[in-house]
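The values are calculated or read from the model by the stated rules, or taken from the named source; none is laboratory data. Remember, predicted model here, so these are calculated numbers, not experimental data. Neighbour counts run over all protein chains shown; Cβ positions are idealised from the backbone, glycine included. We work out accessible area using only protein heavy atoms, side chains counted, and drop any ligands, DNA or RNA first. Shrake-Rupley method; radii C 1.70, N 1.55, O 1.52, S 1.80 Å.
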Amino acid sequence: MSKTYIVGNWKMNLNVGESSLYLHKLLKRLKIARGVEVVIAPTTLALQPLSLQIDRKRLKLAAQNCYYQDFGAYTGETSISSLKGIADYVIIGHSERRNIFKETDKDIRNKVAAALRNNITPILCIGETESEKTFGETEDVLRDQLLGGLSEVSTEDLKKVIIAYEPVWAISSTKGARLASPDDVAASVKIIKDQLKALYGKAADDMPLLYGGSVNPSNAGAYLMIPGINGLLIGGASLIADHFIDIIDVARRVIK
Ligand code: 13P
């Protein structure tokens, strides 16, 4: 049975003290769930202290970003090699990195390759913006982002990569974004799966694909039941430990 991933991306929220309190609360309530891989992505500063507090049998850590060079004159960056032993996963190419910090497909491809080189699982984010959707460009955008992000990934390494589909127009519905319907997501899942198959053949079948965009405890089940979806990448709702635990419980029920 393939795993179901429940990943909380805290973005630039919760300081070190708040992160530690959150983790304490989570560990008090979180049971080992067979088949569910629970991952939290705190800020870079909180990763190291949380790595000392975490129980890796129940929970894993992800970095929200990294730089692909191992060391050097790159002021303000965090190398992926320095995350070894601390983070198990790294989120790469999030739409906020692409759109606010102007990360290119080349940056993203190098980061994916660096993560694999350092045995940290990359979670490669892809997704179209509102205007790309409106102009009927979704298929091209998803194809280009997959080609761009995966161009250094061999068929052999493909099983070490996770893809997260996050339509930009569906991120942060609490701030006005629209909710993606399961049909919207299913249509993009088909595009992504077809593209991966064209690139990697049968090896693409087992590649985990997550959905992200305004997931909450009430809609998590519907997204998890979409064929081809193997988990969720959650922003806002993951900041409230009770909501995050409710979503983990939904995942447990869905995979039973
Ligand atoms: P929200 O769940 O807040 O919409 O954020 C989604 C996201 O960007 C997770 O990476």
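Things worth noting here:
- The set of residues in region 65-100 being within 16 Å of the ligand (Cβ to nearest atom) and under 29 Å from residue 52 (Cβ atoms) consists of 65, 66, 87, 89, 90, 91, 92, 93, 94, 96, 97.
- Within region 204-219, being over 19 Å from residue 150 (Cα atoms) and either buried (at least 24 other Cβ atoms within 10 Å of the Cβ) or away from the ligand (no atom under 15 Å from the Cβ) (or both) holds for 212, 213, 215.
- Tally, over region 33-76, of residues that are open to solvent by 50 Å² or more (accessible area, probe 1.4 Å), on the phi > 0 side of the Ramachandran plot and in contact (Cβ under 8 Å) with a residue 24 or more places away in the chain: 0
- Restricting the first member to region 1-12 and to residues that are within 12 Å of the ligand (Cβ to nearest atom), and the second to residues that are hydroxyl-bearing (Ser, Thr, Tyr), the beta-carbon pairs closer than 6 Å and six or more apart or on different chains are 8/238.
- Just so you know, in region 220-249 the residues that are open to solvent by 20 Å² or more (accessible area, probe 1.4 Å) and over 17 Å from the mean Cα position of the chain (by Cα) include one that is farthest from the ligand (Cβ to nearest atom), and it is 227.
- Identity of the residue in region 201-226, touching a Ser or Thr at 6+ places or on another chain (Cβ under 7 Å) and modelled with pLDDT under 95, that ends up nearest to residue 153 (Cα to Cα): 203
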